[in-house]
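Visitor: Before we start, here is the structure in question, set down as structure tokens.
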Amino acid sequence: MEDHVEIRTIGVIGAGQMGNGIAHVCALSGYDVLLNDISQEALDRALATITKNLDRQVSREKISAAEKDAALGRISTTMVLADLGPTDLVIEAATEKEHVKEAIFADLLPHLKPTTILTSNTSSISITRLASRTDRPEKFMGFHFMNPVPVMQLVELIRGIATDQETYGACLKVVETLGKTASSAEDFPAFIVNRILMPMINEAVYTLYEGVGNVTSIDGAMRLGANHPMGPLELADFIGLDTCLAIMNVLHEGLADTKYRPCPLLTKYVEAGWLGRKTGRGFYDYRGETPVPTR
């Protein structure tokens with residue numbers, strides 16, 4: 001077998017926050033990108049976001065206007081999943097729900113080339129389990145970008161139990177071509193970043209819940225005392241409290257250890273629909289000029 005598959009075309013499934021960022025960085029690095037979503041509106045919105053983000057990179061002199069135009073020229077969109085069949089690498093970035101991802105793979109598989117590598121941008125679902133339900137578990141792996149994709153340097157590469165070395169090598173080469181750094185993780189709940197980050201956020205919520213500190217003192221303490229660029233509660237609002245809770249549940253269920261028990265206050269905020277920045281309220285209220293702590 002050859003050392004690695006030459007990857008030239010990349011199919012991205014899901015045009016949301018992660019998908020549009022993945023399409024952006026892949027196109028900018030010279031790959032032809034086919035972006036798929038079930039909604040034309042989402043695809044149009046993604047292209048507008050990519051254009052705006054590329055414009056920002058031009059204004060900051062990170063890239064030239066010619067590079068921006070070339071990148072946009074490499075992105076095409078489709079609502080037909082089967083159109084992704086001829087691509088060399090597929091990165092699925094749909095909703096973080098296992099049944100949704102499985103249904104997408106089931107629909108896509110009949111159309112794929114035998115050599116196509118299938119990957120998922122999941123932040124917490126078992127790669128081994130997702131892979132086992134496809135026709136190519138050895139050519140399946142986790143390709144986990146951090147948000148916002150154009151800015152963040154890390155990509156977690158997660159091998160399932162069946163992933164072969166050739167597939168890993170091909171994906172590693174893509175990460176390097178994107179000018180990002182890969183961190184290899186084994187396929188255990190939440191991988192590396194979220195396994196360490198989410199319990200820290202959850203502990204910050206417990207600190208708030210138990211009245212050890214208020215929102216301002218907790219975030220200020222971690223910013224100034226641990227040199228974190230953003231306090232843990234502010235970061236939770238940025239990520240989305242529903243996402244934080246979902247990942248804590250994955251850790252709690254997957255590892256069956258009480259240290260991963262989600263804080264009742266986190267659950268309460270999610271029940272209230274106060275999910276952070278995206279809903280206008282979380283640990284801070286974002287509806288005014290400046291964010292105001294809600295506790």
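The values are calculated or read from the model by the stated rules, or taken from the named source; none is laboratory data. What you see is a predicted model, and the numbers here were worked out from it, not measured in a lab. A quick note on method: Cβ atoms are made from the backbone with ideal geometry, for glycine too, and the neighbour counts reach across all protein chains shown.
Visitor: Have a look at Asn194, Asn227, Asn202 and point out the one that is loosely packed, with under 15 Cβ neighbours inside 10 Å and either farther than 18 Å from Trp274 by Cα or in contact (Cβ under 8 Å) with a residue 60 or more places away in the chain (or both).
Guide: Details: Asn194 fails: loosely packed, with under 15 Cβ neighbours inside 10 Å; Asn202 fails: loosely packed, with under 15 Cβ neighbours inside 10 Å.
Going through Asn194, Asn227, Asn202 in turn, the sole match is Asn227.
Visitor: For the range 87-103, what are the residues that are out of contact with any Leu (no Cβ under 7 Å at 6 or more places or on another chain), hydrophobic (A, V, I, L, M, F, W, C) and not in a loop (DSSP other than H, G, I, E, B)?
Guide: Correct list: Leu89, Ile91, Val100, Ala103.
Visitor: Give the residue, chosen from Leu178, Leu154, Leu197, that is among the aliphatic types (A, V, I, L, M) and out of contact with any strand residue (DSSP E or B) (no Cβ under 8 Å at 6 or more places or on another chain). Spell out the reasoning first.
Guide: Working: Leu178 fails: out of contact with any strand residue (DSSP E or B) (no Cβ under 8 Å at 6 or more places or on another chain); Leu154 fails: out of contact with any strand residue (DSSP E or B) (no Cβ under 8 Å at 6 or more places or on another chain).
Just a single option satisfies the conditions, and that option is Leu197.
Visitor: If I filter the range 262-295 down to residues being basic (Lys, Arg) and in contact (Cβ under 8 Å) with a residue 24 or more places away in the chain, which single residue comes out as nearest to Asn202 (Cα to Cα)?
Guide: We begin by selecting, within the range 262-295, every residue basic (Lys, Arg); these are 268, 277-278, 281, 287, 295.
Pick out the ones that are also in contact (Cβ under 8 Å) with a residue 24 or more places away in the chain and you get 277-278, 295.
Details: Arg277: 18, Lys278: 19, Arg295: 16 Å.
If we take residues in the range 262-295 being basic (Lys, Arg) and in contact (Cβ under 8 Å) with a residue 24 or more places away in the chain, then Arg295 is nearest to Asn202 (Cα to Cα).
Visitor: Okay, next question. One residue is enough: does the range 238-255 have a residue meeting the conditions within 28 Å of Asn121 (Cβ to Cβ) and over 23 Å from the mean Cα position of the chain (by Cα)? Write out each step before concluding.
Guide: The initial filter retains those residues of the range 238-255 that are within 28 Å of Asn121 (Cβ to Cβ), namely 238-255.
Narrowing further to those that are over 23 Å from the mean Cα position of the chain (by Cα): none.
No, the range 238-255 contains no residue that is within 28 Å of Asn121 (Cβ to Cβ) and over 23 Å from the mean Cα position of the chain (by Cα).
Visitor: Also: Does the range 133-154 contain any residue that is assigned to a strand (DSSP E or B) and either surrounded by fewer than 20 Cβ atoms within 10 Å (Cβ to Cβ) or modelled with pLDDT under 95 (or both)? Before you say what the answer is, go through the steps one by one.
Guide: Taking the range 133-154 and keeping what is assigned to a strand (DSSP E or B), we get 140-145, 154.
Checking the rest, the ones that are also either surrounded by fewer than 20 Cβ atoms within 10 Å (Cβ to Cβ) or modelled with pLDDT under 95 (or both) come to 154.
Scanning the range 133-154, I find at least one residue that is assigned to a strand (DSSP E or B) and either surrounded by fewer than 20 Cβ atoms within 10 Å (Cβ to Cβ) or modelled with pLDDT under 95 (or both), so the answer is yes.
Visitor: Pick out the one residue from Lys113, Lys62, Lys52 that is outside any helix (DSSP H, G or I) and either free of Cβ contacts under 8 Å to residues at least 12 places away in the same chain or among the acidic types (Asp, Glu) (or both). Spell out how you get there, then give the answer.
Guide: Working: Lys113 fails: either free of Cβ contacts under 8 Å to residues at least 12 places away in the same chain or among the acidic types (Asp, Glu) (or both); Lys52 fails: outside any helix (DSSP H, G or I).
On inspection, the qualifying residue turns out to be Lys62.
Visitor: Give the range 159-201 a look and list any residue that's of a type in the set (S, T, N, Q) and assigned to a helix (DSSP H, G or I), or say none. Explain how you work it out, then say what you get.
Guide: Just the residues of the range 159-201 that are of a type in the set (S, T, N, Q), to begin with: 163, 165, 167, 177, 181, 183-184, 194.
Passing the criteria: Gln165, Thr167, Thr177, Asn194.
Visitor: I've got another one for you. What is the residue count in the range 88-109 for residues that are buried (at least 23 other Cβ atoms within 10 Å of the Cβ) and of a type in the set (Val, Ile, Thr)?
Guide: 2
Visitor: For the range 149-191, enumerate the residues that are within 21 Å of Met248 (Cα to Cα) and in contact (Cβ under 8 Å) with a residue 40 or more places away in the chain.
Guide: The answer is Ala185, Asp187, Phe188, Pro189, Ala190, Phe191.
Visitor: Now for a different question. What pairs come up if the first residue lies in the range 13-25 and is free of Cβ contacts under 8 Å to residues at least 60 places away in the same chain, the second is in a strand (DSSP E or B), and their beta carbons are under 7 Å apart, counting only those six or more places apart or on different chains?
Guide: Filtered contacts from the range 13-25: Ala23/Val12; Ala23/Val33; Ala23/Leu35; Ala23/Ile75.
Visitor: Then there is this: Being at pLDDT 95 or above, buried (at least 18 other Cβ atoms within 10 Å of the Cβ) and more than 18 Å from the chain's Cα centre (by Cα) is the requirement here; does Ala185 meet it? Reasoning before the result, please.
Guide: Values: at pLDDT 95 or above: yes; buried (at least 18 other Cβ atoms within 10 Å of the Cβ): yes; more than 18 Å from the chain's Cα centre (by Cα): no.
For Ala185, the condition - at pLDDT 95 or above, buried (at least 18 other Cβ atoms within 10 Å of the Cβ) and more than 18 Å from the chain's Cα centre (by Cα) - is not met.
Visitor: Additional query: Those residues that are surrounded by fewer than 24 Cβ atoms within 10 Å (Cβ to Cβ), assigned to a loop (DSSP other than H, G, I, E, B) and among the small types (Gly, Ala, Ser), I need them from the range 13-43; list them, please.
Guide: Correct list: Gly16, Ser29, Gly30, Ser39.
Visitor: Report the residue count in the range 266-295 for those that are small (Gly, Ala, Ser) and either farther than 22 Å from Ser123 by Cα or surrounded by fewer than 17 Cβ atoms within 10 Å (Cβ to Cβ) (or both). Give the steps one after another, and end with the answer.
Guide: Keep residues of the range 266-295 that are small (Gly, Ala, Ser), which gives 272-273, 276, 280, 282, 288.
From what's left, either farther than 22 Å from Ser123 by Cα or surrounded by fewer than 17 Cβ atoms within 10 Å (Cβ to Cβ) (or both): 272-273, 280, 288.
The qualifying residues number 4.
Visitor: Limited to the range 230-265, what total is found for residues that are at positive phi and either in a helix (DSSP H, G or I) or surrounded by fewer than 17 Cβ atoms within 10 Å (Cβ to Cβ) (or both)?
Guide: So in the range 230-265, the residues at positive phi come out as 240, 256.
If we keep only those that are either in a helix (DSSP H, G or I) or surrounded by fewer than 17 Cβ atoms within 10 Å (Cβ to Cβ) (or both) as well, we get 256.
Number satisfying all stated conditions: 1.
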